[in-house]
Amino acid sequence: MRRILVCLLLLVGLPGLVRGVEHITLDRDEGPRVASGRVLVTAQDGGVLLQSADGVLWRIEPDEIVKCSADDAPFEPLEPDELGRQLLEELPDGFNIHTTRHYVILHDTSRAYAQWCGALLERLFMGFYNYWSRKGMKLDEPEFPLVAVVFASREAYAKYSEAEFGTLADAIIGYYSLRSNRVTMYDLTGVESLRNAGNRRGSAAQINRMLARPEAAMAVATIIHEATHQIAFNSGLQTRYADIPLWVSEGIAVFFETPDLQSARGWRTIGAISPNRLGQFRRYLPKRGSTSIESLISDDKRIRDTRTALDAYAEAWALSYYLLNRHPRKYLAYLRMLSEKKPLLWDDPQTRLAEFKAAFGDDLREFDADFLRYVEKMR
Ligand SMILES: [Zn+2]
């Protein structure tokens, strides 16, 4: 107990006193270690949310804290090359660094593949900022370099990801981690169905051709989807570990992911109608109850439950599409309200519902009817 009190005093400090970097000695299962960075949240029980200079978030329980200290050095995010070098230490042997304007890409793939990823991510980044800027939403430049880790082999990816994401990572081709702030994936030209098509990977042109094939569309869309989450959480649109309703963050990620098979690079447009998601939503309509919207916005259950996830993602996409196109001003105001949410504070279903109604009107029945009429006309 005394230990906790000591740390609390240190962390809370004196009013108006600017503190530098905090160093917290932790005792965890894997042994003692020091986490250094800035404290984002100090919970009432003495738990701490700390962010280190590489952008990683540390949730520290009160009983893990052994010692706290602070120095005068101001907190500063790592520069891309420092961050790259630090990550090389954490990764298996054989990784290289490819940096672009906003990204640090760690890869053990060919250089051409890392460049393909860098170009795709930068295109998405620019598209994302342009899209919101045209809508009238001002976004911040990311405070930390955006990290993508790209494995050449699926097996190595799965092994590395298990610690962070659990065995679920094995079933997907890439993911974004809120904790580490990184997108992790593997070389898509190694995806079985593509390799079986008899392609050879190598030059940039070959990679482009291969990933522009219809079989690659879903794989590329997944990477775009995860990278969209990363940009959303680094541009001030959303805050990591804040209670952003999942239908909102997933709706936006799906909105951006829609592949464009006409493009030689597999992805170009933003906000095109997704035939897959629209089809999924239409198949859901016959069994869709009158309180479907309510259940989607009140909590995250339908999106998290694998049995209902596909329908819920489709509905989240359709709802986001509808709001962005039919009620952009109200939707942006709603997103701004959500962007103010602080980490580790969770809303109850009533609050979520009340915030939605405050943004879009009290009469959900009328809202839903207009939403369905809109979807009916979508082509
Ligand atoms: Zn997602």
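Side notes on the structure shown:
- Helical mean residue ellipticity (222 nm; -39500 (n - 2.57) per DSSP H run of 4+; nearest 500) of the chain: -14500 deg cm²/dmol
- Ordering 149-160, 344-355, 78-89 by mean Cβ neighbour count within 10 Å, with the highest value first, yields 149-160, 78-89, 344-355.
- DSSP beta bridges in segment 80-237 [antiparallel fraction, %, rounded to 5]: 40
- Extension gain, Arg283-Glu61: 0.36 nm per intervening residue step, less the Cα-Cα distance, totals 75.4 nm.
- For Lys67, distant residues with modelled amide H under 5 Å away: Thr25
- Spatial extent of the chain: Rg and Dmax, with the Cα atoms as the point set, Å: 22.0, 66
- Taking amide H positions as modeled 1.01 Å from N, with prolines and chain starts lacking one, the residues under 5 Å from Val147 and 5 or more places away or on another chain are Val104, Val183.
- Residues listed by number, segment 328-371, amide nitrogen under 19 Å from Glu294 label point at 7 Å toward C-beta: 348-371
- If you take the Cα centroid of segment 203-229 and the Cα centroid of segment 322-339, the two points sit 29 Å apart.
- Short-range pairs are left out: with C-alpha atoms under 8 Å and at least six residues apart, the relative contact order of the chain is 11 percent.
- Links that overshoot a 26 Å alpha carbon limit, given the list Lys287/Lys377; Lys301/Lys377; Lys159/Lys301; Lys330/Lys377; Lys135/Lys377; Lys342/Lys377: Lys301/Lys377; Lys159/Lys301; Lys342/Lys377
- For Leu285, Leu278, Leu323, the sequence from fewest to most other C-beta atoms within 10 Å is Leu285, Leu278, Leu323.
- GNM flexibility winner over the chain from Pro77, Pro32, Pro275 (Cα, springs under 10 Å): Pro32
- Label-to-label distance, Ser203 versus Lys357, with points set 7 angstrom from Cα along the beta-carbon direction: 6.3 nm.
- Sorting Asp243, Asp93 from the fewest to the most surrounding beta carbons within 10 angstrom yields Asp93, Asp243.
Coordinate-derived values only; no laboratory data. Source: prediction; values computed, not measured. Please note: Cβ atoms are built from the backbone with ideal geometry, for glycine as well, and neighbour counts cover all protein chains shown.
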